[in-house]
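Read-outs throughout are calculated quantities, based only on the coordinates presented, and are distinct from any laboratory measurement. Quick caveat, the model's predicted, so the values are computed rather than measured. As a convention, Cβ positions derive from the backbone with ideal geometry for all residues, glycine included, and neighbour counts pool all protein chains shown.
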Amino acid sequence: MTILLSFLLLAAGLAMLLFGGDLLVRGASALARVLGISELVIGLTVVAFGTSAPELAVNVLAAWEGRGEISFGNIIGSNIANIGLILGISAMIRPLSIQGQVIRRELPMMLLATIATVVMALDAPLRGQAAADFDRSDGLIMLLLFGVFLYYTVAQVLTDRQSDAINVESGEFLARVAPDGGRASLPVSAMLTLAGLALLVIGGRVTVDQASALALAFGVPEVIVGLTLVAIGTSLPELVTSVFAVCRGQSDLAVGNVIGSNIFNLLFILGTTAVLRPIPVPDGGFFDLNWMTGLSLILVPMVLTTSRRIMRHEGSILLIAYVVFVGWRVAQVVGAE
C-alpha cells in the first residue's frame with residue numbers, strides 16, 4: 001500500500017508540475033502582452049523556456065534538499081528520453097524534416113553542451129580527486145555558455161524574423177493562449193503566473209519526496225528513479241508538443257523543440273543547480289553520460305543526409321536505443337543486489 005501510495009503521489013506531483021508549467025507560460029505570456037512586450041521577446045523567453053519548467057523545479061528543490069542523484073538522473077535522463085523516446089516516436093509517426101537553422105545553430109550547440117558536460121564530469125578524476133561532480137565553477141561555465149547561445153539565437157532570429165522556427169512556434173502558441181489578442185487584465189495574468197509558480201513548487205516538492213521514497217522502497221539508487229520515472233514525467237511537455245507538431249505536419253518544430261530542450265537542460269538547469277549545490281556523478285553516471293553523448297552524435301549523420309530528414313527506420317533505432325538503455329540500467333542495479 002505504501003508503494004502504491006508513493007506511485008500515486010508521484011503521479012500527482014508530476015501532474016502538478018505539468019499543469020503548473022502550463023499555467024506559468026500562459027500567465028507570463030499574457031502578462032507580457034499586457035505590458036506591451038513583443039511576441040519575439042516572448043517567444044525567446046517565456047515560450048522557449050516554458051516546457052522545461054518542470055525539470056527546473058524538480059532540480060532546484062532536489063539540490064536544495066541535497067538529493068543530487070535525483071537532479072543528475074532527471075537532467076541526463078530527460079536528455080536521453082528527448083532523443084531516444086520523443087524523437088524516436090515522432091519520427092515513427094512521420095519522417096522529421098530538419099530546418100537549416102537547426103543544423104547551423106541548435107545542433108552544434110547541443111553537441112558542444114553535451115561534450116562540455118562530459119569533460120566537466122571528468123575534471124575531478126583527472127585532478128586526482130576520488131569523487132566526480134559538477135561543482136559551482138562548472139555551473140558558472142555552463143551558464144556562461146547558455147548566455148552565449150541565447151545571444152547568438154537572438155541575433156539570428158532578429159536577422160530572419162519570418163522563417164525562424166522560434167517565431168513560428170511562439171506565434172502559434174500565443175494564438176492558442178490568447179485568441180482574443182492577449183487582452184486579459186493585469187490581475188488575471190498575474191494570478192495565473194503566481195498559481196503556476198505555486199503548483200511548480202508544490203509539485204516539485206512532492207515529486208522529489210516520492211521519488212526518494214520509491215527508491216528507498218525498492219532498494220535502488222535515487223538516480224535510477226530520476227533517470228526513468230521522473231525524467232519521463234518531466235519530459236511529457238516536450239513529448240506532447242513534438243507529437244502534436246508532427247501530426248500538424250510541422251515536424252521541423254518537433255526537432256527544434258527537442259534539441260532546444262536538451263541545450264536548456266544541460267546549460268541552464270544543470271548550470272543553475274550546480275551553482276546552488278554541487279551535483280555528484282553517481283555510480284554508473286558515466287555510463288549515462290556516454291549514452292547521452294552517443295545518442296546526440298547519432299543525430300549528426302541523420303540530419304546531414306541529402307534529404308535532411310529523420311526517417312521512420314531511424315526513429316525506430318532511436319527508440320530501441322532508449323529501451324536498451326533503460327533495460328541495461330535496471331539490470332545493472334538488479335545484478336548488483
What FRET efficiency comes out for the pair Ala11/Ala198, r = Cβ-Cβ distance, R0 = 25 Å, nearest 0.05?
0.85
For segment 212-218, take each phi angle, set θ = phi - 60°, evaluate the Karplus expression 6.51 cos²θ - 1.76 cosθ + 1.60, and give the result in whole Hz per residue in order, putting x for glycine and proline.
5, 5, 5, 4, 5, 5, 8
Hz values of 3J(HN,Hα) by residue in segment 201-210 - Karplus curve (6.51, -1.76, 1.60), Gly and Pro given as x:
5, 5, x, x, 5, 4, 5, 5, 4, 6
Can you pull the one-decimal nm distance between simple spin-label points at Ala131 and Leu216, each 7 Å off the Cα toward Cβ?
2.0
Here, Phe287 and Leu4, labelled 7 Å along Cα→Cβ, have an inter-label distance in nm of 3.2
Please list 3J(HN,Hα) in residue order for segment 232-238, calculated via the Karplus relation 6.51 cos²θ - 1.76 cosθ + 1.60 where θ = phi - 60°; whole Hz, with x for glycine and proline.
5, x, 6, 8, 4, x, 5
Length gained when the stretch Thr159-Ser316 is fully extended (0.36 nm per residue, less Cα-Cα span)
52.9 nm
Rounded Å value of the spacing that divides the Cα centres of segment 53-117 and segment 189-267:
10
